[in-house]
Amino acid sequence: MLENHPTISHVVGRAGWYLLTFLVAITINFFLPRLGDANPVDTIMAKVSEGLDATSARAKEEAYLKEFDLVQVDASGKVKRDAQGKPVRTSLGSQFINYLGMCVRGDLGGSILQHPKRVSEIIKTALPWTLALQLPTIVFGWLLGNLLGALAAYKRGVFDTLMYPLALLASAIPAFCFGMLLVYVLGIRLEWFPAVGGYDDGLTPEVSWAFFQSASYYYVLPFLSVFLIVVGGQAIGMRSMCIYELGTDYVKYAKLLGIKEHKILFYMFRNAMLPQLTGLALALGTMVGGALITEMIFSYPGLGMAVLTAIQGNDYPLISGCTLLITVCVLLANFSVDVLVGFLDPRVRAARQAGK
Amino acid sequence: MVPGLWIMTARTFALNLLLLGLATCRPHRSLADDKNSGFPRAETFYLGGRQWGEPSTFNPLGTPGWPISTMNLLYETLLMYNSLTGQMQPLLAESYAVHDDSVEVTLNPAARWNDGKPVSAWDVTFTFELGKKHKSLNIAPIWQYLVAVRAYGEDGREAAQPGLGIQYPRRVVFQLNPEKRNPLVVLDALQAQIIVPRHVIEPLLVERGNDLDEFKKLKFEQGAVSSGPYRLFSSSSEKIAVVRDDGYWGNQAYHGGKRPAARYIVHPLYKSNDAFSVALRQGRLDISTTFVPRIWLKAKKGVRSWLDQEPYFLSSSIPMLLVNHKRAPLMDVHLRRAMAFAINYKDIRELAVSGYSEPLRPGIILPFGLERSFYSEEDAHKYGTWFDPERAKAELRAAGYSSLFGPDGELLETRARDGKRLPTLYVKSPTGWTDWESIVRIAVKSMRAVGIDARERFVDTSSFWNALYEGDFDLIMHTPSTQPSPSKPWSRFEALLTTRDFAPLGQRMYKNIGRFNDPHAPGYLPRIDELLSQIPTLTDDAGRLAAYRELNVLFMQQQPDLPLVYRPDTFYEFSVKHWSNLPSAANPYLPPLIPGDRLGTNMLWAIEPVTH
């Protein structure tokens, strides 16, 4: 039936593949953190066991293990122990089935280290920070970078000679290095901008001019630390794409026909844009992973920090929750690129029409 | 997918809109101060370093991984220990007395919960009884030293239960366990355990069938009944704020009617030590209990420490290498003493910890502060170990060890008397704990220099803890019994030497982690356990001095573990930009504790805002 609807069959076909990828990804996300011999309860016990005697320490450890469903429990609610007196761990298989069930119900579970908080609560507070840091930088950086790149390719001359090495430099600096440099020079030495935090410590987030001002002022350094790098990278990519397009036959032909310059630029831009668009969609998809280094330098309580602390403490549910979110976003971004390219790219469209 | 995520995106979007317009103008400093919803700088005291992430709960019986909920800004202890004078200062209890078979406290008649009800002996008995029922609570271990905690009324009769016509009792008697008489640990508990309101907690517990796990799911974020001078104001992933309770009972009872100077106390949640350092330099933080390297460079920015010169801080704990006595060849006392003679303690002090330590002396009694009265330089000289590579080599020779060095002076291997090659000894430490990493590197380098085949092994933090408690190590970094408390230095000896709860490798031990002095093995030294149980019951100074000297000499002779350096455990750096009169060595009216950490709270009535 679908043979007559190439677009729909294309979308359905892609969707099938993404579903499969998703299943493989969540399986890996579940098992990887649990494969080591470390145990989140050890981390908690280390914090709370000073001064405890053996009995209370054991009772406490059992309480945690039971609470997080890491050990097998007998009918009377007692923790099962093996011959050496070590608690019997719940098998990974049954934990996985449990996890899948929770995923289906939309329940990400409870955090271990931040008990009794739910994982969804933690993500909910961390995500806005990550998005606030990343979304504007990626979008504006992408726009400006592509504009500069296209201009440089088209204009050449002094503009290109200046822009190209600067863009190369910007894209080659590691983000953490640049961020620290900004903090050191503009934040600590010159004290022009605050060095850490998202807004004045004396304020609480609200819709007010004072908060907006403070947040924008605090945003300058983190924004710059990522923005310039994005601009540089995009500009270089766009510049080479445009130079390639400039050499193609259709541009030469259009020039010979005497078509107006801005019109040629528009054609060229449209074609050079495609790979860049794919890049943008992917960047937007991966951005929920958080810009860990930037978050660390500026003490932004975003998702990157949440994942880092979760991994350090083996907080399995939180790791799984965050990686699940990242997986979903990356796959969705990829999927929309696939679908969009199908509509936007005349070549793909043509190929499908031809196959029909 | 998750219903909550959709709500979030809406909020996120709003926040983004807010942030999108990248205004580059610098806001007026005073603007923020004039706002009603903000925290005015002159009335806000910013503290840092106690908390590193958003608190998951404010439940007073909840996870103690989040210390701010147990800070005595909200809930209070019976007494507060002053580590400078050795005295207990009153808080909920106005006085206490140690008897032969009991410890008795009398509550301050003015003590009130913030709902107006008196803090009574029933609240105290209830709090301690919780530990009897729920073995996983931190108060539980005290019950091996107690047989009963009873409330007594004015008439001297026991007042077991609240009932009609009974006044709120104020006297509590902690009946000591005659088998394990130890008033020291009871005093420790009296200054460490916060008292919770029985009239609030008990009904909540009963509603949940006394299920502690269910009870812990309550977060106590709003309207909690507590007795301290502050209440929770707000908490987010960026900061925690508490606001002054102007009706606090202690203002009249202990501070002549004065209120704490700061209306708000705000703890920003920064993500790294560096962020706290920078904030301190910039005057955004007033006090911080984080490690600031090379503090002397920050003095011109108004950052101060307890002392203006080396060692800058008051040390209270001893990071050391624990030795695994169940692994060959570490049960050999000559080898342990050789290690202790080999390590270059001066390098550790100067290079690894920014010089924030007094020079190390033998044994595990601090040769300064209150513990100095138990320290004997004569014993140290006679029995102790210190950095002396020649003596280290002599110890090795005496035990028949020989070391083979390569042509470049690098150690190749160590052989025992029987000619067999000794296994390499690995020194475990958590990866990323940079100060410990440098300490371990120096120790390993010094040991190799005299011919002991040791190597560093930095491991993932969570597997580190597992290795520590289960005894899976040759040598491992650890700081035993850190907090200053009335039981020092006894509790340090106890943490290292007790043979109670002795367990084989693979099972957990939380004290004597190196498994020294196995009571079931030949060569057991019963004298150590005798002294450990005797010292807490001694009341005369001469007797205590003699016992401590003997115990410290045993430690020096046996060298069961390798102390490396002294470190402050409770300490702070402070900024003089916005508040003055904070305690320091020049003005030591309180020990170095940040507000909220026991006695440190009292500085809030003494500090004054700096008028610009």
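Filtering the range B:128-143 to residues that are within 8 Å of chain A (Cβ to nearest Cβ) and touching a Lys or Arg at 6+ places or on another chain (Cβ under 6 Å) leaves only B:136. There is no residue in the range A:146-167 that is among the β-branched types (Val, Ile, Thr) and either under 24 Å from the mean Cα position of the chain (by Cα) or within 14 Å of chain B (Cβ to nearest Cβ) (or both).
Comparison of B:172, B:149, B:186, B:196 shows that the only residue that is hydrophobic (A, V, I, L, M, F, W, C), crowded, with 19+ Cβ neighbours inside 10 Å, touching a Pro at 6+ places or on another chain (Cβ under 7 Å) and more than 30 Å from residue A:304 (Cβ to Cβ) is B:196. Looking across A:189, A:239, one residue alone is more than 8 Å from chain B (Cβ to nearest Cβ), surrounded by fewer than 19 Cβ atoms within 10 Å (Cβ to Cβ) and of a type in the set (D, E, K, R). It is A:189. State whether the residues of the range B:259-269 include one that is at pLDDT below 90 and not assigned by TED's automatic domain parsing to the domain that holds residue B:491. Yes - at least one qualifying residue is present in the range B:259-269. In the range B:421-518, counting only helices (runs of 4 or more DSSP H) that sit wholly within it, the ones holding 2 or more residues that are over 30 Å from residue B:80 (Cβ atoms) span B:434-450, B:461-470. If the condition is being part of a helix (DSSP H, G or I), touching a Leu at 6+ places or on another chain (Cβ under 8 Å) and within 12 Å of residue A:321 (Cα to Cα), then the range A:110-136 contributes A:119, A:120, A:122, A:123, A:124. Scan the range A:207-233 residue by residue and report those that are within 11 Å of chain B (Cβ to nearest Cβ) and under 15 Å from residue A:302 (Cβ atoms). Those that are within 11 Å of chain B (Cβ to nearest Cβ) and under 15 Å from residue A:302 (Cβ atoms): A:215, A:218, A:219, A:222, A:223. Considered as a group, the residues in the range A:192-220 that are part of a helix (DSSP H, G or I) and more than 23 Å from the chain's Cα centre (by Cα) include one that is surrounded by the fewest Cβ atoms within 10 Å (Cβ to Cβ), and that residue is A:209.
Scanning the range A:254-265 for residues that are in a helix (DSSP H, G or I) and surrounded by 11 or more Cβ atoms within 10 Å (Cβ to Cβ) yields A:254, A:255, A:264, A:265.
Within the set B:231, B:244, the sole residue that is buried (at least 20 other Cβ atoms within 10 Å of the Cβ) and more than 10 Å from chain A (Cβ to nearest Cβ) turns out to be B:244. For the range A:64-102, residues that are within 9 Å of another protein chain (Cβ to nearest Cβ) and either under 18 Å from residue A:325 (Cβ atoms) or in contact with a Lys or Arg (Cβ under 8 Å, 6 or more places away or on another chain) (or both) total 0. Which residues, taken from the range B:371-419, are polar (S, T, N, Q), more than 30 Å from residue B:490 (Cβ to Cβ) and surrounded by 17 or more Cβ atoms within 10 Å (Cβ to Cβ)? Hits for the range B:371-419 are B:403, B:414. Restricted to the range B:166-250, the set of strands (runs of 3 or more DSSP E) holding at least 3 residues that are farther than 30 Å from residue A:129 by Cβ and among the aliphatic types (A, V, I, L, M) comprises B:171-176. Among the residues of the range A:297-311, is any in contact with an Asp or Glu (Cβ under 6 Å, 6 or more places away or on another chain) and over 30 Å from residue A:32 (Cα atoms)? For the range A:297-311, residues in contact with an Asp or Glu (Cβ under 6 Å, 6 or more places away or on another chain) and over 30 Å from residue A:32 (Cα atoms): absent. Could we say that residue A:39 is under 26 Å from residue B:62 (Cβ atoms) and within 8 Å of another protein chain (Cβ to nearest Cβ) here? Yes; evaluated as a whole, the condition is true for this residue. Report yes if some residue within the range B:523-543 is on the phi > 0 side of the Ramachandran plot, among the small types (Gly, Ala, Ser) and assigned to a loop (DSSP other than H, G, I, E, B); otherwise report no. Checked against the condition, which is being on the phi > 0 side of the Ramachandran plot, among the small types (Gly, Ala, Ser) and assigned to a loop (DSSP other than H, G, I, E, B), the range B:523-543 yields at least one hit. Annotation note: Cβ proximity below 7 Å between a residue of the range B:348-364 that is without any contact (Cβ under 8 Å) to a residue 40 or more places away in the chain and a residue that is buried (at least 19 other Cβ atoms within 10 Å of the Cβ) and among the charged types (D, E, K, R) (sequence gap 6+ or interchain) occurs for B:359/B:349.
The values are calculated or read from the model by the stated rules, or taken from the named source; none is laboratory data. Source: prediction; values computed, not measured. Please note: Cβ atoms are built from the backbone with ideal geometry, for glycine as well, and neighbour counts cover all protein chains shown.
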